[in-house]
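The values are calculated or read from the model by the stated rules, or taken from the named source; none is laboratory data. Quick caveat: nothing in here was measured; it's all calculated off a predicted structure. Neighbour counts run over all protein chains shown; Cβ positions are idealised from the backbone, glycine included.
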Amino acid sequence: MLQNIMFEATILFFYSYFCPRIKVQIFSFTLNKQDEVMEVFPIDKKTEQLFNEVCRRIFRLQNGRSLDSMERIGADTRGQIGASYLSLKNLAGQYQPDLRLAQLLWGTKKREEQIVACFLFPIQELITEKITQLLQHCYNFEIAEYFGTLVLSKRENVEQMVNEYLNSDQPYLQITALTAIGRSRIDRKLNSPFTDSYILNIDRNKFADINVQKVYDRVSICLRE
C-alpha cells in the first residue's frame, strides 16, 4: 500500500497523543525503491514551520492561484507552471543552510523545492553516501545539473566523487559529475583539478544516455574548437 501512496519520496507521519492538548511528533521516513525505510529522523517544530513556509512561498512564485484554479477543473498542471531559477535562488538566499530543511524539500521530489534545497544543503556536512542517496531521487536531469553546480563542485573531495560518479552507470550521477567539473573550472580556474587533458580523456561513448552526452559536449566544447 505504501508504494501506492508515495514511491521513492519522503513522507511525513504524524503521531497524535491526546492529552490536554494534542501534541504532534513528526518524523521523516525516506524510502528506497524496495519501499524499505532508509532513514528516519525527527523534525522539530521550527523545521516543520520553515518547511511549510518555504513551500507556501514557492507556491506563490509558481502563480499559485492560477495553478489551483486549473487543478480544480481537472487540468494536468505538471510541468506547466514553474518558478524561475533566479526567483528560487533569491528565495533560498533568505534562509540559512539547514540540513533537515533541505532534506525535507528534496524529499518532495518537486522541481522548485529541490532547487531551493540545493542552495540550503550545508555542503561540507553531507557525507558521500548521503549525496549518492539524494541523487537517486532527483526530479529530473535539470536538478542533477543544479546539484553538481551548487553542491558537488564546492566539496573538498570533489575530484574523488567526480571520478566515482563518472564511472557509474547512473545518468543522474554522471550529469552531476560533469556539471561539477564545469563549475569547478569556472570557480577555481587554473587551480581546478579538472584540467583540459582530464576532460579530453573522458570517454564520451561510455555514456549510454543521450542527456549525459549532451552535458559532456557542453563541458568540453571549448576544448574542441
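Of the residues that sit in the range 168-216 and are more than 19 Å from Leu152 (Cβ to Cβ) and within 23 Å of the chain's Cα centre (by Cα), which one is surrounded by the most Cβ atoms within 10 Å (Cβ to Cβ)?
So the first thing to find is which residues in the range 168-216 are more than 19 Å from Leu152 (Cβ to Cβ), and the list is 190, 196-197, 200-201, 203-206, 208, 210, 213.
Next, from what is left, pick out any that are within 23 Å of the chain's Cα centre (by Cα): 208, 210, 213.
Details: Ala208: 10, Ile210: 9, Gln213: 17.
Here the residue is Gln213.
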### Query
How many residues does the range 164-174 contain that are without any contact (Cβ under 8 Å) to a residue 40 or more places away in the chain and either aliphatic (A, V, I, L, M) or on the phi > 0 side of the Ramachandran plot (or both)?
1
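Out of the residues in the range 175-225 that are in contact (Cβ under 8 Å) with a residue 24 or more places away in the chain and among the basic types (Lys, Arg), which is farthest from Tyr146 (Cα to Cα)? Steps first, please.
First pass over the range 175-225, keeping only residues in contact (Cβ under 8 Å) with a residue 24 or more places away in the chain: 175-184, 187, 193-194, 196, 199, 202, 207-209, 211-212, 215-216, 218-219, 223.
So of that shortlist, the ones also among the basic types (Lys, Arg) come out as 183, 218.
Values: Arg183: 10, Arg218: 15 Å.
If we take residues in the range 175-225 being in contact (Cβ under 8 Å) with a residue 24 or more places away in the chain and among the basic types (Lys, Arg), then Arg218 is farthest from Tyr146 (Cα to Cα).
Residue by residue, here is whether (1) among the acidic types (Asp, Glu); (2) under 25 Å from Gly82 (Cα atoms); (3) touching a Ser or Thr at 6+ places or on another chain (Cβ under 9 Å); (4) modelled with pLDDT of 95 or more holds:
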| residue | (1), (2), (3), (4) |
| --- | --- |
| Ile115 | no, yes, no, yes |
| Glu142 | yes, yes, no, yes |
| Val162 | no, no, yes, yes |
| Tyr172 | no, yes, no, yes |
| Thr179 | no, yes, yes, yes |
| Gly182 | no, no, yes, yes |
| Val212 | no, yes, no, yes |
| Val215 | no, yes, yes, yes |
### Task
Would you check which residues across the range 111-150 are under 19 Å from Ser168 (Cα atoms) and aliphatic (A, V, I, L, M) and list them?
Ile127, Ile131, Leu134, Leu135, Ile143, Ala144
### Task
Answer yes or no: is there a residue in the range 98-111 that is acidic (Asp, Glu), surrounded by fewer than 23 Cβ atoms within 10 Å (Cβ to Cβ) and in contact with a helix residue (DSSP H, G or I) (Cβ under 7 Å, 6 or more places away or on another chain).
yes
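Suppose the filter is in a helix (DSSP H, G or I), touching a residue at least 24 places away in the same chain (Cβ under 8 Å) and surrounded by 21 or more Cβ atoms within 10 Å (Cβ to Cβ); does Ile131 pass it? Don't jump to the end; show me each part of the working.
Values: in a helix (DSSP H, G or I): yes; touching a residue at least 24 places away in the same chain (Cβ under 8 Å): yes; surrounded by 21 or more Cβ atoms within 10 Å (Cβ to Cβ): no.
Criteria not met by Ile131.
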### Query
In the range 112-128, how many residues are more than 17 Å from Ala177 (Cα to Cα), in contact with an Asp or Glu (Cβ under 9 Å, 6 or more places away or on another chain) and surrounded by fewer than 18 Cβ atoms within 10 Å (Cβ to Cβ)?
1
